[in-house]
Every structure is written in C-alpha cells, then in structure tokens.
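The values are calculated or read from the model by the stated rules, or taken from the named source; none is laboratory data. In this text the structure is predicted, and so the values were computed from the model without any measurement. Note that we place each Cβ from the backbone using ideal geometry, even for glycine, and neighbour counts take in every protein chain shown. In case anyone asks, the SASA skips ligands and DNA or RNA and just uses the protein heavy atoms, side chains included. Shrake-Rupley method; radii C 1.70, N 1.55, O 1.52, S 1.80 Å.
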Amino acid sequence: MLTGKNILLGITGGIAAYKTASLVRLLKKNGANVKVILTPAAKEFITPLTLSTLSENPVNTSFFDKNTGEWNNHVELGLWADLFVVAPATANTLAKMANGICDNLLLAVYLSCKSKVFIAPAMDLDMYIHPSTANNLKTLEDYGNVIIDAREGELASGLIGKGRMEEPEQIFEEIRTFFTKDKMLAGKRVLITAGPTHEKIDPVRFIGNNSTGKMGLFLAEEAINLGAEVTLVIGPNNLTINPLINCINIQSAQEMYEAVHQNVERADIIIMSAAVADYSPKIVSDIKIKKKTDTLTIELAPTKDILKSVGEIKTSKQLLVGFALETNNEKENATKKLQTKNLDLIVLNSLNDKGAGFGFNTNKVTIIDKNNNADEFELKSKSLVATDIFNKIISLLS
Ligand code: CTP
C-alpha cells in the first residue's frame, strides 16, 4: 500500500514517544521505507536501538556521529522524505518549529524539508490549551503543515483532558490516505472561489465581511496535491498563495462573477467557498462622502448570485459544490440551497459550532449530496476538512 514511499519520522521528548514504535511497524508492514530522527530528549523515552531495529535503518539523533565524525546531512534527509511526520510533537518543539529555531537535527530537517509535514502534538492539557501553544499550532498550520489534532483522554499526569497524541493506527490512516489518493485528479481542472468581496461605497470605504479565504486556499492546495490544475478566484486577503495555483485576485462580487464565468466552461470541478456580498451600493461615489448629516442612507442593490448562475449553465460532466453558512434550521436551509442552485454537493458550516467558520483554522462541516445523504464531520483543521471534501468529490466522480 505504501510501497516505495519514504517516510521520515521525527520523534520528540514526550511519553507518547513509546507509541511511535507501533507506527514504525505499521509503516514497514505496509511497504514504506522509514527513517527516524530523535531529538536529544526523545532518547530518554525510547531507545535508538528499538527504532533502528524496527525501521531497519540507522536512527539519526544529532548533526554528526561523535565516534566516526560522520555528518548527518539534514538537507539530504529532508529531500529523501516523501512525507515528514513529527510525532509526538511536544510544546517545546512546536514553539521552535513555529519560530524557525534550529538547535537540533529534527528542527534543521524541518526547515529544509521539501515534503508535506504532518504534526501530531502531545502534551498535558493545560499546555495544550495555553494561548502560546494554540498560536504556534495556528502558525504551523498557516505554513501549510497538517496538524493531527491531539485527543481527549487520560494523560500521563493522571489528569483527564485534551493532549493525548492521536493513536498510531489513526496517524497511519492519515498517512495512507495522503499517499493513496495521490494524483487522483490528474488532468482535471478545478475552479475555486474564496475570501470576501469588497463592495465600494466611495474611494476609501467598502462593505466587506470577515472571511479570510483560508478554507478556499486549503481546498486549492488539496486539489494541487491531487494533481489537478487549479484556478482560485479570491477576494482581498492576507494569505501566501502557492505559486502552483493560478490565482485571480478580485475585489467585488461583480469582478468575481466575471472571473468565474471566464473560467467555468473549462472546469471539471467548481467549488464556491467565497463569502460573496449579497448587496452592493447602488451608486459608488467618486469622491469621499463627507460627514454632513446625522444619518446616512446607502441604497443597496442585490449582487449576482454567482453560484446560482453557474448551476444554471453547468453540464452533466461538471461537478458543482457550494457552501452554506447557517445559524438556524441549518440542514433544511442548506438542502434548499443545494436544490435551488442545482448543486451536486453543499458544505454546511454552522456558526453555532465553536471553532468553525470565519477566522478559525478549524472547521466543522456537514457535507450533503443530492440524495440527501449528510456526512457530519468532527471539528478539525481546515486542511483536513479540505481532504474530506475532496474525498467526497472523488467518490462522486468514480
Ligand atoms: N454565493 C455566490 N454568489 C453570491 C452569494 C453567494 O456565489 N452572490 C455562493 C457562496 O459562495 C456559497 C453559496 O452561494 O457557496 C451560499 O452562500 P450563502 O451566503 O450561505 O447563501 P445565499 O445564497 O447568499 O443565501 P442567504 O445569504 O440568504 O443565506
């Protein structure tokens, strides 16, 4: 299943380190080549001998071997890896990774690594919920790494809460999914909308919303990983866009409409995750509106519903996915949108779910199809939500 795949496993100094022996066994049993890096602290929790025996490769623990002077080239290790998995990742290593600190071999490999990086944190519950850990995880996710969220349960401290490393079997499952879906969308063209729109009031003001565009960007990156050619039509944002994505920057709903219609005909899969303004000022003032009166009324006119307009012209070969952000009667409203806009799938996120929606790096979605099948997912990173959405799309394509 993983034959020939090179998996680099970075182990840091937490009690969950002992569990990585089973992860190495699972990877080896499924045909992967495994190399292991241990941080100095990790050696206190699991021995290099155990891991070199299981991985059938020497274990790397420092920049060079003190006895032979042999250099462990971090750049070569980073290039060797098809996937770098850091498990368990302690609070200390997360903080260093998030800030580019490079005082051991694992961190040097991380900084020079060209492959995708999976990070499975593990620590005590209070450390896990500390704002600095949360910020470090957010930063690492923004850099494009996949966070395999810690679980709730009994911790080494005896306390019960979130902080247990995900089980090796589940980490293995994430790795397997990452490789087996490899390039399943080769030859397909994917068109994605993302972010907010800004509707001009005058030269200095606009009507906007809190969308960051992250969900759309993660979808675009997932599509690239799957081998697709990707066009991303995105509103104003602060994101770093992967150069492999054909990115079209727009400001208003009208500009998004035009960019979508210029690209829709050649698209096989269309996903509209943008938070498009429903109304736009009827008249845009050429000069800055002065503060003259006690009240100000701006007349708004409806924008074009881009998703609906694509639903009206889509062919049977095209797959159309919409998003719905609802606060009440969530499923009912989303299903109605699926039908009226002629969609194949709708991704529902509810503002009632903590950690879901605008600005968060996590999301909790339900994916509903035309036959009214609803898959409800747990709260997870937006990158893994993107994986769930594409898994569903791929199942419909086949
Ligand atoms: N959408 C769009 N063009 C618009 C408005 C929405 O393409 N002018 C798309 C969004 O990108 C999303 C879906 O339609 O995929 C649903 O957006 P949402 O704002 O939840 O729904 P609306 O249709 O605008 O309905 P309402 O705001 O009344 O819930």
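In table form, for the structure just shown:
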| item | result |
| --- | --- |
| Sparse-neighbourhood loop sites, trypsin sites (Lys or Arg not before Pro) in the range 328-369 - DSSP loop, at most 12 other Cβ within 10 angstrom | Lys354 |
| Environment charge at Asn135 (Cβ cut-off 11 Å; Lys +1, Arg +1, Asp -1, Glu -1) | -1 |
| Using distinct alpha-carbon pairs, which all enter the 1/r mean, Kirkwood radius of the range 6-180 in Å | 16.0 Å |
| Other-chain or far-sequence residues with amide H under 5 Å of Ile201's (modelled H) | Phe206, Ile207 |
| Whole-percent carbon and sulfur share, accessible surface of the range 250-332, 1.4 Å | 48 percent |
| Amide hydrogen neighbours beyond the local backbone of Tyr279, cut-off 5 Å, H modeled | Thr303 |
| Heavy-atom accessible area order for Glu265, Glu221, Glu255, largest first, 1.4 Å probe | Glu265, Glu255, Glu221 |
| Longest to shortest principal axis, alpha-carbon extents of the range 189-397, angstrom | 58, 35, 32 |
| Segments 78-87, 269-278, 189-198, 40-49 sorted - mean Cβ within 10 Å per residue, highest first | 189-198, 269-278, 78-87, 40-49 |
| Candidate residues Thr335, Thr327: accessible-area rank, largest first, probe 1.4 Å | Thr327, Thr335 |
| Evaluated over the chain, the Cα radius of gyration and Dmax, each in Å | 23.6, 82 |
| Accessible area per residue, Å², the range 189-397 with all protein chains present, probe 1.4 Å | 51 Å² |
| Computed helical MRE - 222 nm, the chain, DSSP H runs ≥ 4 contributing -39500 (n - 2.57), nearest 500 | -9500 deg cm²/dmol |
| Rounded to 5, the percent of DSSP beta bridges in the chain classed as antiparallel | 35 percent |
| Filter on Lys138/Lys291; Lys304/Lys382; Lys291/Lys337; Lys188/Lys341; Lys66/Lys162 - keep pairs with C-alpha separation over 30 Å | Lys138/Lys291; Lys291/Lys337; Lys66/Lys162 |
| Members of Lys5/Lys331; Lys308/Lys392; Lys5/Lys317; Lys114/Lys314 lying beyond 32 Å, as alpha-carbon distances in this model show | Lys5/Lys331; Lys5/Lys317; Lys114/Lys314 |
| Of all DSSP beta bridges in the range 6-180, antiparallel share, percent nearest 5 | 20 percent |
